Amino acid sequence: MLSILTLPKAGDPSREVKPEEFPALFHATEAITWVRCLEPTDADLLWLQNTFDLHPLTIEDCRNRNQRPKFEPYDGYGFLVLFALLWEGEGLETTEIHCFLMPRCLITVEDQDGPAVAAVWQRMHQARDLMQRGADFVFYAVADAVVDTFFTLADRFEDGIDEIEERIFAPQPEPVQPLIFRRRNNLIDIRRAIGPMRDAFNALLNRHLPFIQEPQLLYFRDLYDHTVRVYELLEMQRERLSNALEVHLSYISNTLNQVMKRLTAITTIFMPLTFVTGFFGMNFEHLPFQNLWVLVLALISMAIIPGAMWLWMWRARWF
Amino acid sequence: MLSILTLPKAGDPSREVKPEEFPALFHATEAITWVRCLEPTDADLLWLQNTFDLHPLTIEDCRNRNQRPKFEPYDGYGFLVLFALLWEGEGLETTEIHCFLMPRCLITVEDQDGPAVAAVWQRMHQARDLMQRGADFVFYAVADAVVDTFFTLADRFEDGIDEIEERIFAPQPEPVQPLIFRRRNNLIDIRRAIGPMRDAFNALLNRHLPFIQEPQLLYFRDLYDHTVRVYELLEMQRERLSNALEVHLSYISNTLNQVMKRLTAITTIFMPLTFVTGFFGMNFEHLPFQNLWVLVLALISMAIIPGAMWLWMWRARWF
Amino acid sequence: MLSILTLPKAGDPSREVKPEEFPALFHATEAITWVRCLEPTDADLLWLQNTFDLHPLTIEDCRNRNQRPKFEPYDGYGFLVLFALLWEGEGLETTEIHCFLMPRCLITVEDQDGPAVAAVWQRMHQARDLMQRGADFVFYAVADAVVDTFFTLADRFEDGIDEIEERIFAPQPEPVQPLIFRRRNNLIDIRRAIGPMRDAFNALLNRHLPFIQEPQLLYFRDLYDHTVRVYELLEMQRERLSNALEVHLSYISNTLNQVMKRLTAITTIFMPLTFVTGFFGMNFEHLPFQNLWVLVLALISMAIIPGAMWLWMWRARWF
Amino acid sequence: MLSILTLPKAGDPSREVKPEEFPALFHATEAITWVRCLEPTDADLLWLQNTFDLHPLTIEDCRNRNQRPKFEPYDGYGFLVLFALLWEGEGLETTEIHCFLMPRCLITVEDQDGPAVAAVWQRMHQARDLMQRGADFVFYAVADAVVDTFFTLADRFEDGIDEIEERIFAPQPEPVQPLIFRRRNNLIDIRRAIGPMRDAFNALLNRHLPFIQEPQLLYFRDLYDHTVRVYELLEMQRERLSNALEVHLSYISNTLNQVMKRLTAITTIFMPLTFVTGFFGMNFEHLPFQNLWVLVLALISMAIIPGAMWLWMWRARWF
Amino acid sequence: MLSILTLPKAGDPSREVKPEEFPALFHATEAITWVRCLEPTDADLLWLQNTFDLHPLTIEDCRNRNQRPKFEPYDGYGFLVLFALLWEGEGLETTEIHCFLMPRCLITVEDQDGPAVAAVWQRMHQARDLMQRGADFVFYAVADAVVDTFFTLADRFEDGIDEIEERIFAPQPEPVQPLIFRRRNNLIDIRRAIGPMRDAFNALLNRHLPFIQEPQLLYFRDLYDHTVRVYELLEMQRERLSNALEVHLSYISNTLNQVMKRLTAITTIFMPLTFVTGFFGMNFEHLPFQNLWVLVLALISMAIIPGAMWLWMWRARWF
């Protein structure tokens, strides 16, 4: 589905036009335009390719999806793939946003209608002064909204990690490992999205591209700075999770040690006692069972053995 | 075995020629040619060396195989080694494809007839417009098919890793470690193939080589981009496997802890009981076995000991 | 809250002026000024933006806080974000200091009144010769005080790590893991602050900025050197903690092994003994309980079994 | 011991000359020479220093040995240290080969007569056309033989690692760890040799040195490529060993878990049974030992307890 | 304490002069001088600052110590901080040597009289031809002696690591972990000293500094090469220790597994036996204790149970 938002002249309100009317408008005027293509059909992509003279490889990428975030300069335009993230239930959902940035026009091709871009689209309808800053500024607004989805996620993860950290030294009804496992996998997924995106913005900054105006560069630097910050935040979360996992393993081993020492102590104390009672439970007639002194001896030995064992274990530094 | 596919003139259909006819054709016309050498014999290699004036070192590499993916520029041609992967039964099979790329000719030397290159060979017979784009485009088609074999593998692994991840927290009839072990070894093998291949394509891109035409460079950039994506995909899979292994180790230790606590609890409860029964099982005549109150005492102590033990363990925070 | 400290002319004492008087003063004279803005209100930020013609993005950063340490050159000034650390109770408190460095003026925007900057502010009131070295030197004094807060922290951590290292081989009343865990998390936090700060100072050094005078560069090199030193110190502490944790895990396993060997030995010795006593505790009338030689045999076997077991375990290298 | 092999003129057979005759020959003619100095005495080194005007530092290196592989350009010659490896019994033996490469002469100083260089020496006596390609080609032949020793080793290790990998999941008569340990230490040693050697060959390639002729550069690139391949091979082996070790640790823990669960099950089943038999083994006269129903009750309880325990353990998901 | 060694003219013997006489001498002649300042007082540092016009920051560094090895070029001189290491008892002692290198003069400021520098100082008094090579050569001699202290340490550690490696698979009277722990901490300390020193020497090499003469550069390259070698040596030792620790952990777990299997086997064999004897130890009158066949049955079951258990365990692959 193609929607075209155009600002014919500075000061005018922006308005939507139909694809049929667009080519004439585009070539005749200095209008600034944002073409938004949601859930693109083959016809939409063909229309885009013909109207804007796009390279077949980029159209191929839009069709196949499943790219990685990247920036590639082509003749007359820049091609960018952004990833927006959304937390759905217990998993991450990634939306690919393919952008074509030209001097007076921005094209975004999206698989589904994500809230981040939708909000910018809304804003562009209302705020008159935003669009007249140029197509590059419109792209900045889209990319900024996309990067903000990462901050939202990082905040949500922060809470999850705090909870994990509180649980690793607490006696637990259920193990903390599945939680750590899921979070680490999530972080792997996100890092895979944000790392190339950071590189793409860096490329935008340093290549002196004709479709980005000089004063807008400061905004793109800000964008790059944001991705760096997200990346460092996620890196820090990854380190904290690794720290939690490593220390937890050591702590479990420590606890196991305590448990085993107790078992050993109990066994060490009661096994000899059981032997003594077993000894005098034998039925040999020659054993002096009628002798009171032997009974006293047995009782004394039963009293002494645990104490002696304990003392010995203490001295041998079993504890 | 040498097969030579040649396109004498743009618009003509491509046709196969015999090695004997080839040299005349090659030097006389502007034909675009793909020489495919399957399971090369020494005679084949000698013919190639003499016909195209190839450097002895590259012929040596074709003979010995067992190279790594690489790109090396020589006088008048570029020498590339590609690795295509195939999943056979439970193991990976690597096919080395040695390519010589010249302005009007591509030579591929292959140890065995892999499906990836065979499909391109077939396509070149049928699709008339592909070959006339030049020898560099033919090479791009071959390399693209080769890189696609990695995507196929990565997808297959994705499933395997999903299965592993589901099993690490489930009670298991058989351990998950052998599976993790094999997958990690496979990933080591693949990374060893894709990493240098990525570097080789990058070198192709940035060296302004005479045998690659300007408009084709976008295709080679796409190729490079694909290898980067495969590499990141595999890297992500490697991290996920490491995550699974590390978390699993911690989880096993946790479970062990639970088991040991139970064993300790049972031993702690029954060992004193056994001692009491053993005590009154002794045959001393002076023990007051006929006294009902002693029996009652013994029975009461047997009732109290387990409860008291449990309480004590609870208080001492054994659980 | 805005405080403005100005040095109208070299040799004069520095004095505070009101925001209302300032713009006239600033534009008319060669005065060197430090504008300190504590807990900035929106009005303060607006005043700063208008008076010094600051870029909206930097004012935005001051308003939102939660940045990372960075350096960004703007038209006519440099924008720096520094992090000062304070140890409060058991946790780290981070104060962000946003600095605008111009040829004759330094602006610092702080969320709260930290002791590090407050001390420099005090010093600038008293020491007459410091401020006349220029706004860049005032900035150096602020940054140096900030970096010193890291050294203070590193020293405090050094003690904590020494304590941890002493405890990992000692029999412990309470486990050492929670301590290691907290320290490692603290180090992650600090490294996140110091790393980008080091990069920011490096950028200051190498960019030939108009608002830093040539002779001051040596001081900034010193500053950079300090951050490098702090970074290496923290890196070393991180490695020492990892070393402690890894070795501790191995040591615990070793201890567990000892404990289990003892348990096994005791079980191995007493189980057969218990069986023998149990055997002769059976009530079969045909068992020759009245036979003295059988009793002697039983006693001898009870004497021999533990010794034989011990010898066997010794020979089988159980210990 | 000094041996000098010289090729006076292209086409002539190469022949050995005595050190006394050499200087005259060297300065008068265009001869290509290889001076091989085995187990160098101080006199040999002095002779080399004086005859070829070598820098004292390089002679010092030859005397002290115990260098690392390196390349250092000096006035008029290049100084290279190569490491050849030999597998002796169970350990690695390293031979240092110090090479001086000049436009018409190669000097190799070796501590002991290694088979790799000896074979090249032999070949140079016989193959007439090799030496006339120049001293740089002779050096290439030596270096190639040295690098081949690494391939031999890597192959041998491959087998060892295959064996280790087969054993980690098999029940073992003897532990696999000592084997892993030795291999990893060997790999550390080899990597220490091959890494700097790769860098040295890279330096040779890229520095436009006067003592290497242009057409020979392709051979040196091949050499460099070989070292890269060895390095990657060893890196892969290192990763495979780490994989084996990590997975093995997890697998052992898994097995331990199984063992402990069995022990716990057996203890849990027999401890209550033992208590029941002990209970009725007490000698109290008031216990109704003559009552058949009590006996039946005891027998039934003995039959039910194991089954009930098993069921309980099953339900509580102990297994 | 200031000691000044000066060589007034090439060929003269070097002699010590008093600080009072020095400035005249220094400015009038071409003398080469080494000013050695041991345990510097404030007066010494002031004298140095005034006589040689040193920057306050470098004097500050000399006063505060606790720097990291570094090289910083100043106007007219280079400032270097070296670390010399000494093994005292069980710990490492670090001596900082602050060096000022000028065209005709070397100043070294040392906290304590280390043997390394003291030996060079001695040598400069005696060997007439060393000093006349220039102040840069004197510095080389000092730095070389300092780097040699690292080789001495590395050798000493080599022995310690050999011992550790021998012990990890041997049955041990005392655990090997504390040793590994100390060595790893030592290596962290040393690496922290040698790494920046290597960078400092590299900076000396590549910056075309006016106070280093061209022919001396080869000696500084040698110095740099030595630090690289030490660094790699230590890196290798670190890897060997990590290898030892990791493998040891796995080996301990393996041993623990063996121990537990034995315990399980013994428990599994004797628990049923104990039950049988306990069963026939019950005092029920209805039990057929006078029946010989029952006795025989009991004896046979006691003989069969262990064998059957063993067989079952074998079949169930418990071993």
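Taken over segment C:1-37, the residue count meeting the criterion of being over 18 Å from residue C:130 (Cα atoms) and basic (Lys, Arg) is 1. Just the residues that are hydroxyl-bearing (Ser, Thr, Tyr), open to solvent by 10 Å² or more (accessible area, probe 1.4 Å) and either without any contact (Cβ under 8 Å) to a residue 24 or more places away in the chain or more than 7 Å from chain D (Cβ to nearest Cβ) (or both), please, taken from segment E:240-253. Passing the criteria: E:242, E:253.
Would you check if residue E:146 is out of contact with any Asp or Glu (no Cβ under 9 Å at 6 or more places or on another chain), at pLDDT 90 or above and closer than 24 Å to residue E:74 by Cα? So residue E:146 passes the test. Test residue A:256 against the stated conditions and say whether it is open to solvent by 30 Å² or more (accessible area, probe 1.4 Å), in a helix (DSSP H, G or I), farther than 29 Å from residue A:91 by Cα and within 10 Å of another protein chain (Cβ to nearest Cβ). It is false that residue A:256 is open to solvent by 30 Å² or more (accessible area, probe 1.4 Å), in a helix (DSSP H, G or I), farther than 29 Å from residue A:91 by Cα and within 10 Å of another protein chain (Cβ to nearest Cβ). If we keep just the residues of segment E:179-209 that are of a type in the set (Lys, Arg) and farther than 25 Å from residue E:99 by Cα, which is farthest from the chain's Cα centre (by Cα)? Among those residues, the one meeting the criterion is E:182.
Applying the set (1) over 20 Å from the mean Cα position of the chain (by Cα); (2) closer than 28 Å to residue D:241 by Cβ to residue D:111 leaves exactly one unmet item: (2). Would you mind telling me which numbered condition in (1) crowded, with 19+ Cβ neighbours inside 10 Å; (2) part of a loop (DSSP other than H, G, I, E, B) residue A:210 fails? That leaves (1) as the condition not met.
Residue C:109 fulfils the conditions (1) open to solvent by 30 Å² or more (accessible area, probe 1.4 Å); (2) within 21 Å of residue A:226 (Cβ to Cβ); (3) away from chain A (no Cβ under 14 Å); (4) not hydroxyl-bearing (Ser, Thr, Tyr) except for a single criterion, (1). Every listed requirement among (1) surrounded by 14 or more Cβ atoms within 10 Å (Cβ to Cβ); (2) within 14 Å of chain D (Cβ to nearest Cβ); (3) not hydroxyl-bearing (Ser, Thr, Tyr) is met by residue E:160 save one, (2). Picking from residues in segment E:92-106 that are in contact (Cβ under 8 Å) with a residue 60 or more places away in the chain and farther than 18 Å from residue E:15 by Cβ, the one that is most open to solvent (accessible area, probe 1.4 Å) is E:103. Among the residues of segment B:259-273, the one identified as of a type in the set (D, E, K, R) and facing chain A (nearest Cβ under 7 Å) is B:261.
Here's the yes/no breakdown for (1) in contact with a strand residue (DSSP E or B) (Cβ under 7 Å, 6 or more places away or on another chain); (2) within 11 Å of chain C (Cβ to nearest Cβ); (3) part of a helix (DSSP H, G or I); (4) open to solvent by 10 Å² or more (accessible area, probe 1.4 Å):
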{"site": "E:186", "(1), (2), (3), (4)": "yes, yes, yes, yes"}
{"site": "E:192", "(1), (2), (3), (4)": "no, yes, yes, yes"}
{"site": "E:201", "(1), (2), (3), (4)": "no, no, yes, no"}
{"site": "E:220", "(1), (2), (3), (4)": "no, no, yes, no"}
{"site": "E:238", "(1), (2), (3), (4)": "no, yes, yes, yes"}
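Scanning segment D:28-55 for residues that are in a strand (DSSP E or B) and within 29 Å of the chain's Cα centre (by Cα) returns D:36, D:37, D:38.
Okay, residues lined up against (1) open to solvent by 40 Å² or more (accessible area, probe 1.4 Å); (2) within 14 Å of chain B (Cβ to nearest Cβ):
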{"residue": "A:36", "(1), (2)": "no, no"}
{"residue": "A:48", "(1), (2)": "no, no"}
{"residue": "A:64", "(1), (2)": "yes, yes"}
{"residue": "A:71", "(1), (2)": "no, yes"}
{"residue": "A:74", "(1), (2)": "no, yes"}
{"residue": "A:84", "(1), (2)": "no, no"}
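Within segment E:271-319, being closer than 24 Å to residue C:288 by Cβ and in contact (Cβ under 8 Å) with a residue 24 or more places away in the chain holds for E:273, E:276, E:277, E:301, E:302, E:305, E:306. Within the option set C:60, C:88, being within 14 Å of chain A (Cβ to nearest Cβ), out of contact with any Asp or Glu (no Cβ under 7 Å at 6 or more places or on another chain), without any contact (Cβ under 8 Å) to a residue 12 or more places away in the chain and open to solvent by 10 Å² or more (accessible area, probe 1.4 Å) holds for one residue only, C:60. From A:142, A:138, which residue is open to solvent by less than 10 Å² (accessible area, probe 1.4 Å), touching a Leu at 6+ places or on another chain (Cβ under 6 Å) and away from chain B (no Cβ under 14 Å)? Of A:142, A:138, the one residue that is open to solvent by less than 10 Å² (accessible area, probe 1.4 Å), touching a Leu at 6+ places or on another chain (Cβ under 6 Å) and away from chain B (no Cβ under 14 Å) is A:138. Among the residues of segment E:276-319 satisfying the criterion of being more than 9 Å from chain C (Cβ to nearest Cβ), surrounded by 17 or more Cβ atoms within 10 Å (Cβ to Cβ) and at pLDDT 85 or above, which is farthest from the chain's Cα centre (by Cα)? This residue is E:305.
Note on segment D:167-184: among residues that are more than 8 Å from every other protein chain (Cβ to nearest Cβ) and either aliphatic (A, V, I, L, M) or within 24 Å of residue E:242 (Cα to Cα) (or both), the one that is least open to solvent (accessible area, probe 1.4 Å) is D:176.
When segment B:259-275 is filtered for residues that are open to solvent by less than 30 Å² (accessible area, probe 1.4 Å) and hydrophobic (A, V, I, L, M, F, W, C), the ones remaining, listed by number, are B:259, B:260, B:263, B:265, B:266, B:269, B:271, B:273.
The values are calculated or read from the model by the stated rules, or taken from the named source; none is laboratory data. Fair warning: this is a prediction, and the values are worked out from it, not measured in the lab. Neighbour counts run over all protein chains shown; Cβ positions are idealised from the backbone, glycine included. Remember, those area values only see protein heavy atoms, side chains included, never the ligands or the DNA or RNA. Shrake-Rupley method; radii C 1.70, N 1.55, O 1.52, S 1.80 Å.
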